[in-house]
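**Student:** One structure follows; several queries about it will come next.
The values are calculated or read from the model by the stated rules, or taken from the named source; none is laboratory data. Everything numeric here is computed off the predicted structure, so don't read it as measured data. Reconstructed Cβ throughout: ideal geometry from the backbone, glycine too, with neighbour counts over all protein chains shown. In case anyone asks, the SASA skips ligands and DNA or RNA and just uses the protein heavy atoms, side chains included. Shrake-Rupley method; radii C 1.70, N 1.55, O 1.52, S 1.80 Å.
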Amino acid sequence: MSTALDTVATEVAVQTRGLRKTFGPVVAVEGLDLEIRRGEVFGVLGPNGSGKTTTIRMLCGLLTPSAGDATVVGYDLRSQQSEIRRSIGYMSQRFGLYDDLTVRENVRFYAAVYGLRGAALDARIVELFEQLELTPRAEQLAGKLSGGWKQKLGLACATAHHPKMLFLDEPTAGVDPAARRRFWEIIYDLARDGTTVLVTTHYMDEAARCQRLAFLSRGHLIAQGTAAEIPAQFGERTIEDVFIELQRRDEGEAA
Amino acid sequence: MLARFRRAGLWPMLRKEFIQLRRDRLTLAMVVVLPAVQLLLFGYAIRTEVRNLPTVVLDESQSSESRALIDVMRNTGNFRVIGSVASRAEVRRVIERGEASAAVIIPPDFAANLKRGRSATAQIVVDAADPMAASAAISGAALAGAARSSAILAQRTGGQPPLEVRVRPWYNPGMRSEAYIVPGVIGVLLSITSLVVMSLAVVRERERGTLEQLVVTPLGRTSLLLGKVLPFVAVGYVQMTVVLVLGKLVFDIPVRGSLLLLYLIAGAFITANLGIGLLISTAVKSQVQATQLGYFVMLPNILLSGFMFPRESMPEIAQWIGLVLPLTYFLTVLRGILLKSASLSAIWPETLALVTMATVLFSLSVLRFRKTVE
Ligand SMILES: Nc1ncnc2c1ncn2[C@@H]1O[C@H](COP(=O)(O)OP(=O)(O)OP(=O)(O)O)[C@@H](O)[C@H]1O
Ligand SMILES: [Mg+2]
């Protein structure tokens, strides 16, 4: 293997080539070429149904791509699933933890599933509880938590094993502004420690916090760049303007 | 092998499932209380024979001979004499009102005819609206008549009756249907609850969205499914114990063979049914579908396994279907061990069938299960 390739492998966290997913007649994602660099916070934007969740699910191995390929943290999406699973964390758009387990039991379960045992497991739980300030709710059933707490619990479970790459699908939907700000501080902490983060959002202020962004519309990648570059590409002033313009265009096509 | 599962996350999975099971009051009630209630219902309601028919007597003969006949009839156990009546009109009235289901009418000349060596007649009136009761009355009357005849004949000739057929009902001397039905009910309840509860297990996680979060982890397929199955094997054992104890206390079913052997084979039986449930659970999209499919599988279990109707009298195709049901084999095992104190040498083919089914069904579910959300 050449040195150049090695450098690429360490620099690039996610690389997709012509990724496509269809559900029967519905084309959810089409010809997607994405590149996410190591250690960056990468935002994915797009109207409802534009293919954000489908993209993440493919990258996590939850959906098999209909065409195209990808590498995730240097592993091939089609042939190295188990290596990928060990290196990524995922928070689904819909709360996916056990309502009938307590906060502690959920975190313990996920940490243990990732192979932590004994003293290391206990230490990691303490660490996560401190980092995400979960201690006051430790013995509460997850089903009884409010939105913000649920999302923090989700993040604790998704990061229990120090993943190299974190996929967050609308992690701050239904979370109040203060909790949202705190959540983003934690995301930055993770990125500073070297975790690559892919996050989808509908909030423009959150989009502005991402180092780079991808814009999806009807399954197509239509722009990729920094929060400053993208509006310029469309001759608009802000990302929000781009977003609304895209949605208008989508509706025009659908009509 | 254990080490492999340990790495693949079987223990955390088991721990989680047991905690959830403990908090799931509804499932717990369903698997422990429901079988108990059903056992009582089934045990009392399903009776393939009728005993103690309420019977009135119109004894116009008032002789030692007439009383001897009534005694013999009472001894068959099919009749319970609830009183005497004075006229045929009264016979009609009590039967019409449902106070009695049968009446024995012994005419005035009964004893006289016997004395003269003539044939004496007695009459049984039966409310045949219930065919089961009617056939019990008829067979009871025929039995009593034959027994009394041969006794009288023997008296007259001063010797032994020329022919006597002795029926020995082995294993179930009282010919009580509970002894046959209750072990069957144990099998049916075990198979139904394991199947239904299990068929919901995986699809419930799919519906709630927790499966999506679970399958992105390195947790192995075998660990995931084994973690789902093993707690319910334990539940199955609790269930079996509850119904066995109840069966013993309430219906006095005999436990003649080795309980250890029964419990060992039950493990394979429970796992086989859980395997069917698991297979359903990995195949369907919703809990509703799972329940529907579960019922679809339950019906042949009840009808074709030999639980209610003897398999020997079924059409060939029904017998073939019966051969793929774990319950068919387990019924033989249950009745064999409980009633006939069968040892492994007598029931090894059934045991082998159950172990094979358990293994094949579980492996099939693991192979079918995909760690995706498609
Ligand atoms: N399992 C599925 N079966 C069929 N169609 C699907 C499935 N999942 C997604 N789709 C369709 O694919 C398209 C993209 O959906 P996706 O969930 O990826 O969008 P999204 O960008 O995440 O939307 P949102 O912002 O609402 O979360 C939609 O048209 C959706 O209806
Ligand atoms: Mg989505």
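**Student:** Looking at region B:249-259, can you tell me whether even one residue there is within 14 Å of chain A (Cβ to nearest Cβ) and of a type in the set (D, E, K, R)?
**Tutor:** no
**Student:** Another question about this same structure. Please count how many residues of region A:22-54 are in a loop (DSSP other than H, G, I, E, B) and within 14 Å of chain B (Cβ to nearest Cβ). Don't jump to the end; show me each part of the working.
**Tutor:** Within region A:22-54, the first condition is being in a loop (DSSP other than H, G, I, E, B), and the residues that meet it are A:24-25, A:33-34, A:38-40, A:46-51.
Still in the running and within 14 Å of chain B (Cβ to nearest Cβ): A:24.
Of the residues in that region, 1 qualify.
Condition check ((1) open to solvent by 60 Å² or more (accessible area, probe 1.4 Å); (2) within 16 Å of ligand 2 (Cβ to nearest atom); (3) more than 14 Å from chain B (Cβ to nearest Cβ)) across all residues:
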residue: A:His161; (1), (2), (3): no, no, no
residue: A:Ala191; (1), (2), (3): no, no, yes
residue: A:Gly219; (1), (2), (3): no, yes, yes
residue: A:Glu240; (1), (2), (3): yes, no, yes
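**Student:** Could you pull out the residue among A:Gly194, A:Gly235, A:Gly219 that is free of Cβ contacts under 8 Å to residues at least 40 places away in the same chain, among the small types (Gly, Ala, Ser) and on the phi > 0 side of the Ramachandran plot? Break it down stepwise before answering.
**Tutor:** On the way: A:Gly194 fails: free of Cβ contacts under 8 Å to residues at least 40 places away in the same chain; A:Gly219 fails: free of Cβ contacts under 8 Å to residues at least 40 places away in the same chain.
So the residue among A:Gly194, A:Gly235, A:Gly219 that is free of Cβ contacts under 8 Å to residues at least 40 places away in the same chain, among the small types (Gly, Ala, Ser) and on the phi > 0 side of the Ramachandran plot is A:Gly235.
**Student:** Whether any residue in region A:55-65 is within 16 Å of ligand 1 (Cβ to nearest atom), at positive phi and more than 10 Å from chain B (Cβ to nearest Cβ) is what I want to check.
**Tutor:** no
**Student:** Based on what the data block shows, is A:Trp149 away from ligand 1 (no atom under 14 Å from the Cβ) and open to solvent by less than 20 Å² (accessible area, probe 1.4 Å)?
**Tutor:** When the stated conditions are applied, A:Trp149 does not pass them.
**Student:** Would you point out the residue of region A:193-217, among those that are closer than 18 Å to A:Ile36 by Cα and assigned to a loop (DSSP other than H, G, I, E, B), that is nearest to ligand 2 (Cβ to nearest atom)?
**Tutor:** First, the residues of region A:193-217 that are closer than 18 Å to A:Ile36 by Cα: A:193-201, A:206-216.
Filter once more, keeping what is assigned to a loop (DSSP other than H, G, I, E, B): A:193-195, A:201, A:210-211.
On the way: A:Asp193: 27, A:Gly194: 27, A:Thr195: 21, A:Thr201: 11, A:Cys210: 17, A:Gln211: 21 Å.
Going through the qualifying residues, I end up with A:Thr201.
**Student:** Report yes if some residue within region A:66-87 is within 14 Å of chain B (Cβ to nearest Cβ) and within 14 Å of ligand 1 (Cβ to nearest atom); otherwise report no. So that I can check it myself, show each step before the final result.
**Tutor:** Here is the first cut: in region A:66-87, the residues within 14 Å of chain B (Cβ to nearest Cβ) are A:66, A:72-73, A:75, A:77-78, A:80-87.
Then drop every residue that is not within 14 Å of ligand 1 (Cβ to nearest atom), which leaves A:66.
Among the residues of region A:66-87, at least one is within 14 Å of chain B (Cβ to nearest Cβ) and within 14 Å of ligand 1 (Cβ to nearest atom), which makes the answer yes.
**Student:** A:Ala227 versus (1) within 16 Å of ligand 1 (Cβ to nearest atom); (2) assigned to a loop (DSSP other than H, G, I, E, B); (3) hydrophobic (A, V, I, L, M, F, W, C): which is the lone unmet condition?
**Tutor:** Failing condition for A:Ala227: (1).
**Student:** Here is a further query. Restricting to region A:86-121, count the residues that are more than 15 Å from B:Leu211 (Cα to Cα) and part of a helix (DSSP H, G or I).
**Tutor:** Adding up the residues that qualify gives 13.
**Student:** Only one residue in A:Arg117, A:Arg94 is within 16 Å of ligand 1 (Cβ to nearest atom), modelled with pLDDT under 95 and within 10 Å of chain B (Cβ to nearest Cβ). Which one?
**Tutor:** Only one candidate passes the filter, namely A:Arg94.
**Student:** Quick check, is A:Arg108 at pLDDT 95 or above, more than 14 Å from A:Pro163 (Cα to Cα) and either within 9 Å of chain B (Cβ to nearest Cβ) or away from ligand 2 (no atom under 13 Å from the Cβ) (or both)?
**Tutor:** Considered against the rule, which asks whether it is at pLDDT 95 or above, more than 14 Å from A:Pro163 (Cα to Cα) and either within 9 Å of chain B (Cβ to nearest Cβ) or away from ligand 2 (no atom under 13 Å from the Cβ) (or both), A:Arg108 comes out as yes.
**Student:** Scan region B:277-326 for residues that are in contact with a Gly (Cβ under 6 Å, 6 or more places away or on another chain) and either without any contact (Cβ under 8 Å) to a residue 40 or more places away in the chain or of a type in the set (Lys, Arg) (or both) and jot them down.
**Tutor:** Within region B:277-326, B:Leu304, B:Arg311 qualify.
**Student:** Consider A:Asp99 against the criteria (1) crowded, with 17+ Cβ neighbours inside 10 Å; (2) acidic (Asp, Glu); (3) within 11 Å of another protein chain (Cβ to nearest Cβ): it satisfies all of them except one. Which criterion is unmet?
**Tutor:** (1)
**Student:** Continuing with this model, one more query. Which residue out of B:Val284, B:Val355, B:Val360, B:Val324 is open to solvent by 20 Å² or more (accessible area, probe 1.4 Å), within 30 Å of A:Gln81 (Cα to Cα) and either over 18 Å from the mean Cα position of the chain (by Cα) or not assigned by TED's automatic domain parsing to the domain that holds B:Leu225 (or both)?
**Tutor:** B:Val360
**Student:** May I pose another question? Which residues, counting only those in region A:30-70, are away from ligand 2 (no atom under 16 Å from the Cβ), farther than 25 Å from A:Val242 by Cβ and in contact (Cβ under 8 Å) with a residue 60 or more places away in the chain?
**Tutor:** A:Arg38, A:Gly39, listed by residue number.
**Student:** May I ask you to say which residue of B:Pro161, B:Pro173 is away from chain A (no Cβ under 14 Å), at pLDDT below 80 and more than 30 Å from B:Ser64 (Cα to Cα)?
**Tutor:** Of the residues listed, the single one that is away from chain A (no Cβ under 14 Å), at pLDDT below 80 and more than 30 Å from B:Ser64 (Cα to Cα) is B:Pro173.
**Student:** Of the numbered conditions (1) away from chain A (no Cβ under 11 Å); (2) in a loop (DSSP other than H, G, I, E, B); (3) not aromatic (Phe, Trp, Tyr), B:Gly236 satisfies every one except a single condition; which is it?
**Tutor:** So the condition that B:Gly236 fails would be (2).
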